[in-house]
Amino acid sequence: MEMNTLHLYLYTFITFTSIFFNSASTLHNPSSIAKPKPKPKPNPYTSLSAIKTDSEALIQFKNMIENDPNEALSTWQPNKSPCKWGGVTCSSGRVTGLDLSESYLQGSISFEPFSSLDMLTILNLSENPHLFINSTSIFQLPSGLQQILLSNCGIKGLVFDNLFVKFKNLVVINLSKNNLTGSIPENLVSNQDSVKVLDLSSNNIFGTIPLAISNYTNLVNFNLSYNLITGNIPRSLGNLKSLQIFDLSHNLLTGWIPDELEALCGSLLELGISSNNISGTIPGWLSSCSWLRVLDLSNNNLTGPLPESMFTNMGSLERLILSNNNISGPFPVTISYCEKLKVVDFSSNMFSGRIPDGICPEASSLEELRVPDNLLSGQIPEDISRCSKLKTLDLSLNYLKGTIPASIGHLENLEQFFAWYNGLEGNIPVELGKCKNLKDLILNNNHLTGNIPVELLNCSNLEWISLTSNSISGEIPPEFGLLSRLAVLQLANNSLSGSIPTELGNCSTLVWLDLNSNKLTGEIPPRIGRHVGAQSLIGILSGNTIVFVRNVGNSCKGVGGLLEFAGIRPERLLQVPTLRTCDFRRMYSGPILSMFTQYQTLEYLDLSYNDLEGKIPDEFGEMIALQVLVLSHNQLSGEIPATLGHLKNMGVFDASHNRLQGHIPESFSNLTFLVQIDLSNNELTGQIPTRGQLSTLPESQYANNSGLCGPPLQECGLVNNPVADPGGDGGGRRHSAKTWANNVIMGILILVAIVCLLIVWAIAMRVKQKVVEEQKLLERLQASRSATTWKIEKEKEPLSINVATFQRQLRKLKFSQLIEATNGFSSESLIGCGGFGEVFRAKLKDGSSVAIKKLVRLSCQGDREFMAEMETLGKINHKNLVPLLGYCKIGEERLLVYEFMEFGSLDEMLHRRSMKGAPNRRILSWEERKKIARGAAKGLCFLHHNFGWTKMKVREGKSREVIDEELLAEDEEHEKEYVKELVRFLEVTLQCVDDFPSRRPNMLQVVTLLRDLNVPKPLVT
């Protein structure tokens, strides 16, 4: 808005100035009125030929446009005057302005047609992101331009020297949100005094800020944010005494904030230096910037306390953002002088002490107060209620104590109240029920007691309630069913009793329910939360920064939980003493998690560690979006419903430590996304389904079910009945002979048993000795001399685990041998280090050498996915590709075994870098470099085109060989139909990766093809 107003003022000023001087010229020359004028000569700038030239130039530009979805150019007809065309502004019949912003034009264009528009002063093509324009085309624009507005219009290329030198009257330059690269040249424009707006934000510009910028003395808006600018902030920028908007945020700037910038305070309205590497303290001269409205210094390395009385003269300040620094000292009470202040964000700093009283004056405008992840202590001040316009109050991850003041109920505009991980005590005040606009109430991990107040549920706009890990007791109020926008309800790890209210089935927006670790009894209601057919959710949790913290291992109960994580450093969770007992290493965020409220049914349900009884409801099979279902540690009985096999998206199912009976449903074979299942400690019987993934999961997940069999447990088999000894009436000799024979057999059996016991004892002693040796080997591996760190101390796997290999000569290679061959992965054997891990040279006993890469864990890839990927890579065999000889997974570590390159890597060969154990480098000839380039191209070509086993099989008409053999059952007719559908889906998939881009369908065509192939099947009940 401010930018558009500025442009209007400038344009109006220029127009009135022109009118004034023309009028003055007429008044001072009366003879021009009295004498008859001679016949005027034709003006070359307004003649019909010039107008026709303008029209032809614009039509030429229109012909470059490949698609005009909004029909912005529909009025551009050759038989009409260009002054009547959409987006065109004229003066005296000539085109002086062109505004096609937000038209979403598409095509590859140049500015060559505009070169003849010699009267053009304003060009605005902003917000046309599907155009493609080379930056060199800017040289083709007419020299009379005063405003060049080309934001987000697909410009790509370098910021060239003299790029704007030809434009003598240039006032506004806006090339933001493009793909410009290179550094900003010193001679960017010729008339530096005329430029008032220079916006190059959101590009890929690097280098330092040129000193010549300090000569743009009339500059009002200077924006270089979201680039790759390095170096210090030039002190000479203090010469820009007309500057109002100064934004250098999201770059790589270093150093301190120079004191010379104090000269800007006479005009400065907005100062943004966030997300850089700025260090030092916050300068005290900022207090003299009385006009400043926005101050954003977040995400830097600023230290020290805030200057005393910093805010006493900053009455215009509206937004104060200092988050993610290392600022210390007390909370500044002087912010109460900033009556227009709307946003205060001190997140992730080191502010300490109490939150002072009186931070809000009577006429306070404060809407957001964010102070999570600090060292604040004491109580929440009672007079916080004076912040009558407050919408967001975030006090999370501090050391606050005492009770929640009842006066918070007076904040009628409050929408978000976050205070998780503090030491708050007492009851939840019933006055919170007066906050009719309250959407998020997150108070988990405190010491709150008492019941959940029913009055709280008068807040009909509640979307997220989290009271996990407190000492709340009583029953779950059935009034939760009245909340028409409730999406997340987390009440885990409390002392709640009674049954689960059936009214939760009325919560048509509930997609996340966590009630684990309480004292709940009774049966599970058949319907909980959102169900198929409910109205779509619009705007729920749209303004939250949602993070799912996964509880790894069994250190804490439950799968994990959702947290509001705005402005908090992720590593902070591992630093809080009360949280160190829980392994919270895995955190998930991003657009997928933020869109979970769009699911059709409940997505997350954890009812573990209660005293629930009865059966698992069959209706759970209708929750088609359910991904996590945890029912462990209850008293559930009956059979596992076969309808759960319809939950195609389920990834975690835990029903351990119950009294479940019967077979594991065969329908579980359809759960292709299942990564974790635990059915241990039940009374299940029968064979584990062999189809799908169930038979590939660890044995521990089926333990203590005496009737279960089949992989990964023992094989199912029949118990042979003993053969009866036929009696007879033989004599005493025959009877004595039989007795003697029986004694001999018994003696032999006893002897064999003794021998077996001795063998077992010997093997056990050898294994024990081996374990001791491996423990010593592990201790040596983790010693200080090792060139890397290892995470295998908690693993039960032996260090003698075989390395899976693809080459016969390495078939018996073991991890312990790798340790020995690398001298404990010492620094002497380290030959390289990159973004994906360290590389060691291992000298094997047979004299050969291999290269071992120890991978860095950059993803949450599972073991099965890792092994499947390695098996695929192991099949690659090409002379221009380094072969993968094998791989190894031990604990959390993953190793790759490659063929050792005697002459080093390609990078070392090209750039003459030295490597341990490699001969001295020499300069490569041009012929050798060409040979290397051809070889690299052949390797890449093989990866892109030849290594396509699936494509090859489909081309040969052998699509069925691509499909898992277990899906090719011939005994059931419906299985054949599924296979046919799978083949058709496979054919559509291969179209998307066709070697010829012209043959690949677009996404709309893909959706149409898949929709036509998707034949819905009725659910089996």
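Got a number for residues in segment 646-695 being under 19 Å from residue 524 (Cα atoms), over 28 Å from the mean Cα position of the chain (by Cα) and not aliphatic (A, V, I, L, M)?
6
I'd like the full set of residues that are among the acidic types (Asp, Glu) and modelled with pLDDT under 90, limited to segment 667-710.
First pass over segment 667-710, keeping only residues among the acidic types (Asp, Glu): 678, 683, 699.
Result: 699, single match.
Can you name every residue in segment 48-68 that is open to solvent by less than 70 Å² (accessible area, probe 1.4 Å) and within 22 Å of residue 130 (Cα to Cα)?
Scanning segment 48-68 gives 57, 58, 59, 61, 62, 64, 65, 67, 68.
Taking segment 327-373, which residues are basic (Lys, Arg), surrounded by 16 or more Cβ atoms within 10 Å (Cβ to Cβ) and more than 21 Å from residue 278 (Cβ to Cβ)? Please lay out each step first, then the result.
Let us first name the residues in segment 327-373 that are basic (Lys, Arg), namely 340, 342, 354, 370.
Subset that is surrounded by 16 or more Cβ atoms within 10 Å (Cβ to Cβ): 342, 370.
342, the sole residue that qualifies.
Is it the case that segment 329-341 has a residue that's in a loop (DSSP other than H, G, I, E, B), closer than 22 Å to residue 391 by Cβ, without any contact (Cβ under 8 Å) to a residue 60 or more places away in the chain and in contact with a Lys or Arg (Cβ under 6 Å, 6 or more places away or on another chain)?
Within segment 329-341, the subset in a loop (DSSP other than H, G, I, E, B) is 331-332, 338-341.
Of the ones still in play, those that are also closer than 22 Å to residue 391 by Cβ are 331-332, 338-341.
Filter again for without any contact (Cβ under 8 Å) to a residue 60 or more places away in the chain, leaving 331-332, 338-341.
Imposing the further condition that a residue be in contact with a Lys or Arg (Cβ under 6 Å, 6 or more places away or on another chain) reduces the set to none.
Taking every residue of segment 329-341 in turn, none turns out to be in a loop (DSSP other than H, G, I, E, B), closer than 22 Å to residue 391 by Cβ, without any contact (Cβ under 8 Å) to a residue 60 or more places away in the chain and in contact with a Lys or Arg (Cβ under 6 Å, 6 or more places away or on another chain).
Identify all residues within segment 190-211 that are in contact with a helix residue (DSSP H, G or I) (Cβ under 9 Å, 6 or more places away or on another chain) and either within 20 Å of residue 244 (Cβ to Cβ) or buried (at least 16 other Cβ atoms within 10 Å of the Cβ) (or both); write none if there are none.
From segment 190-211, those in contact with a helix residue (DSSP H, G or I) (Cβ under 9 Å, 6 or more places away or on another chain) are 192-193, 196-199, 209, 211; that's our starting set.
Those that are in contact with a helix residue (DSSP H, G or I) (Cβ under 9 Å, 6 or more places away or on another chain) and either within 20 Å of residue 244 (Cβ to Cβ) or buried (at least 16 other Cβ atoms within 10 Å of the Cβ) (or both): 192, 193, 196, 197, 198, 199, 209.
When you go through 461, 446 one by one, which is the residue that is of a type in the set (S, T, N, Q) and farther than 17 Å from residue 544 by Cβ?
One residue alone meets the criteria, 446.
Among the residues of segment 285-292, is there at least one that is outside any strand (DSSP E or B), open to solvent by 10 Å² or more (accessible area, probe 1.4 Å), at pLDDT 95 or above and closer than 19 Å to residue 225 by Cβ?
No, segment 285-292 has no match at all.
Quick one: in segment 223-256, of everything that is more than 21 Å from residue 173 (Cα to Cα) and in contact with a Phe, Trp or Tyr (Cβ under 9 Å, 6 or more places away or on another chain), which residue is least open to solvent (accessible area, probe 1.4 Å)?
233
Give 473, 517 a once-over and let me know the one that is of a type in the set (S, T, N, Q) and surrounded by fewer than 22 Cβ atoms within 10 Å (Cβ to Cβ).
473
What strands (runs of 3 or more DSSP E), lying completely within segment 467-557, carry at least 2 residues that are modelled with pLDDT of 90 or more and touching a strand residue (DSSP E or B) at 6+ places or on another chain (Cβ under 8 Å)?
Correct list: 473-475, 488-490, 495-498, 512-514.
To keep it simple, each residue is scored yes or no on (1) assigned to a helix (DSSP H, G or I); (2) farther than 17 Å from residue 685 by Cβ; (3) touching a residue at least 60 places away in the same chain (Cβ under 8 Å).
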position: 619; (1), (2), (3): yes, yes, yes
position: 626; (1), (2), (3): no, yes, no
position: 661; (1), (2), (3): no, no, no
position: 664; (1), (2), (3): no, no, no
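Tell me yes or no: at least one residue of segment 267-278 is outside any loop (DSSP other than H, G, I, E, B), touching a Lys or Arg at 6+ places or on another chain (Cβ under 8 Å), buried (at least 21 other Cβ atoms within 10 Å of the Cβ) and among the aliphatic types (A, V, I, L, M).
No - not one qualifying residue is present in segment 267-278.
Looking at segment 454-470 only, could you name the residues that are open to solvent by less than 10 Å² (accessible area, probe 1.4 Å) and not acidic (Asp, Glu)? I'd like the intermediate steps shown before the answer.
Initially, segment 454-470 is screened for residues open to solvent by less than 10 Å² (accessible area, probe 1.4 Å), giving 456, 459, 462-467.
Matches in segment 454-470: 456, 459, 462, 464, 465, 466, 467.
When segment 419-442 is examined, which residues are found to be in contact with a helix residue (DSSP H, G or I) (Cβ under 6 Å, 6 or more places away or on another chain) and open to solvent by 10 Å² or more (accessible area, probe 1.4 Å)?
429, 430, 431, 434
Residues checked against (1) in contact (Cβ under 8 Å) with a residue 24 or more places away in the chain; (2) among the β-branched types (Val, Ile, Thr); (3) open to solvent by 40 Å² or more (accessible area, probe 1.4 Å):
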| residue | (1), (2), (3) |
| --- | --- |
| 152 | yes, no, no |
| 160 | yes, no, yes |
| 166 | yes, no, yes |
| 170 | yes, no, no |
| 173 | yes, yes, no |
| 182 | yes, no, no |
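Among the residues of segment 73-91, is there at least one that is in contact (Cβ under 8 Å) with a residue 40 or more places away in the chain and surrounded by 16 or more Cβ atoms within 10 Å (Cβ to Cβ)? So that I can check it myself, show each step before the final result.
In the first step, residues of segment 73-91 are kept if they are in contact (Cβ under 8 Å) with a residue 40 or more places away in the chain; the result is none.
Scanning segment 73-91 turns up no residue that is in contact (Cβ under 8 Å) with a residue 40 or more places away in the chain and surrounded by 16 or more Cβ atoms within 10 Å (Cβ to Cβ).
Being part of a loop (DSSP other than H, G, I, E, B) and without any contact (Cβ under 8 Å) to a residue 40 or more places away in the chain is the filter; apply it to segment 440-451 and report the residue that is farthest from residue 378 (Cα to Cα). So that I can check it myself, show each step before the final result.
Quick first cut of segment 440-451, residues part of a loop (DSSP other than H, G, I, E, B) only: 443-446, 450-451.
Narrowing the set further to residues that are without any contact (Cβ under 8 Å) to a residue 40 or more places away in the chain leaves 443, 446, 450-451.
Details: 443: 17, 446: 14, 450: 22, 451: 24 Å.
Filtering first and then ranking leaves 451.
Can you find a residue in segment 693-706 that is touching a residue at least 40 places away in the same chain (Cβ under 8 Å) and surrounded by 19 or more Cβ atoms within 10 Å (Cβ to Cβ)?
no
Which of the residues that make up segment 66-99 are in a loop (DSSP other than H, G, I, E, B) and over 41 Å from the mean Cα position of the chain (by Cα)?
74, 75, 76, 77, 78, 79, 80, 81, 85, 86, 92, 93
The values are calculated or read from the model by the stated rules, or taken from the named source; none is laboratory data. Note that the structure is predicted; figures quoted are calculated from it, not measured. FYI the Cβ positions are ideal-geometry reconstructions off the backbone, even for glycines, and counts take in every protein chain you see. We work out accessible area using only protein heavy atoms, side chains counted, and drop any ligands, DNA or RNA first. Shrake-Rupley method; radii C 1.70, N 1.55, O 1.52, S 1.80 Å.
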